[in-house]
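Inspection log for the structure reproduced underneath, given as structure tokens.
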Amino acid sequence: MKPVLFDFDGTLADSAPVITDSYIHTLRQEQGRDYPPEFFRQFIGPPLEDSFAAMGADDVHRYVRTYRAHYREHMYETLLFPGIKQMVATLAQAGVPMAIATSKRTDYASMLADRLGVGQYMKVVCGSYDGDPRAQKKHRVEDALSELSRQGYDTAGAIMVGDRIHDLEGANANGIATILVAWGAGGPDEWSLAWRVAHSVDELEDMLLDEVGVRRRR
């Protein structure tokens, strides 16, 4: 059965409030400047190093440390999007092998996935670590596919589910298709590049079950 890889922030989890607050805190402390919350929407998804470089950080690693210190204090305020837990459970019951491929630190992603009740359904969680030289989304997708293959799963036809162009680019680099979800931080310009777009969790579940050959029971 075809594996499904999920991005975490903006796809499974409604991480935007905590991430935005952590960005605001970091720029206030490091630059003494306040930005409107909507400014940070574009930076939900990419690696932190890339985001802070784009914000003009004079020392990206210091900014990342400041961000993560604040994020650790508030990360458990993160919630799943409504319907996600049931969807993941349904896919697992159907026998779909699933993984998380995220730019978030692996330990944070694993702890949050477990706390939110979806970690038990994932065969692997692939994220980053401090000082990771392979920091792009294509590396996370590659890691997830490699680990699934090592566990004996056939990764041919695997599907990436994400919300940003970085998920699409990471999947393309590994030769797999992408479904972008409309409830994350992306927008129509990014959606137009995806294989398919899901506008609701129910629609995403139907797409995935149809793709792996399982008929959903109504």
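Filtered by the rule that a residue be open to solvent by 30 Å² or more (accessible area, probe 1.4 Å), under 25 Å from Val118 (Cβ atoms) and more than 13 Å from the chain's Cα centre (by Cα), segment 5-31 gives Pro17, Asp21. For beta carbons closer than 9 Å, sequence separation of 6+ or different chains, a first residue in segment 96-122 that is under 15 Å from Gln86 (Cβ atoms) and a second that is open to solvent by 40 Å² or more (accessible area, probe 1.4 Å) and in a strand (DSSP E or B), the qualifying pairs are Met98/Lys123; Leu116/Leu79. Pairs meeting the criteria (first residue in segment 151-174 and closer than 13 Å to Trp195 by Cα, second residue open to solvent by less than 50 Å² (accessible area, probe 1.4 Å) and among the basic types (Lys, Arg), beta carbons under 7 Å, at least 6 apart or on different chains) are Asp167/Lys137; Glu169/Lys137. Looking across segment 48-69, just one residue is within 17 Å of Ala16 (Cβ to Cβ) and in contact with a Ser or Thr (Cβ under 6 Å, 6 or more places away or on another chain), and that is Tyr67.
Residues in segment 1-25 that are among the aromatic types (Phe, Trp, Tyr) and not in a helix (DSSP H, G or I): Phe6, Phe8.
Note on segment 42-55: among residues that are surrounded by 14 or more Cβ atoms within 10 Å (Cβ to Cβ) and either over 21 Å from Arg140 (Cβ atoms) or among the small types (Gly, Ala, Ser) (or both), the one that is nearest to the chain's Cα centre (by Cα) is Gly45. Search segment 56-85 for residues being open to solvent by 20 Å² or more (accessible area, probe 1.4 Å), in a loop (DSSP other than H, G, I, E, B) and not small (Gly, Ala, Ser), and hand back the single one that is nearest to Asp114 (Cα to Cα). Looking at the filtered set, the residue picked out is Phe81.
The values are calculated or read from the model by the stated rules, or taken from the named source; none is laboratory data. Small disclaimer: the values here were computed from a predicted structure and weren't measured. Backbone-built Cβ (ideal geometry, glycine too); neighbour counts: all protein chains shown. These area figures cover heavy atoms from the full protein model, side chains too; ligands, DNA and RNA do not enter into them. Shrake-Rupley method; radii C 1.70, N 1.55, O 1.52, S 1.80 Å.
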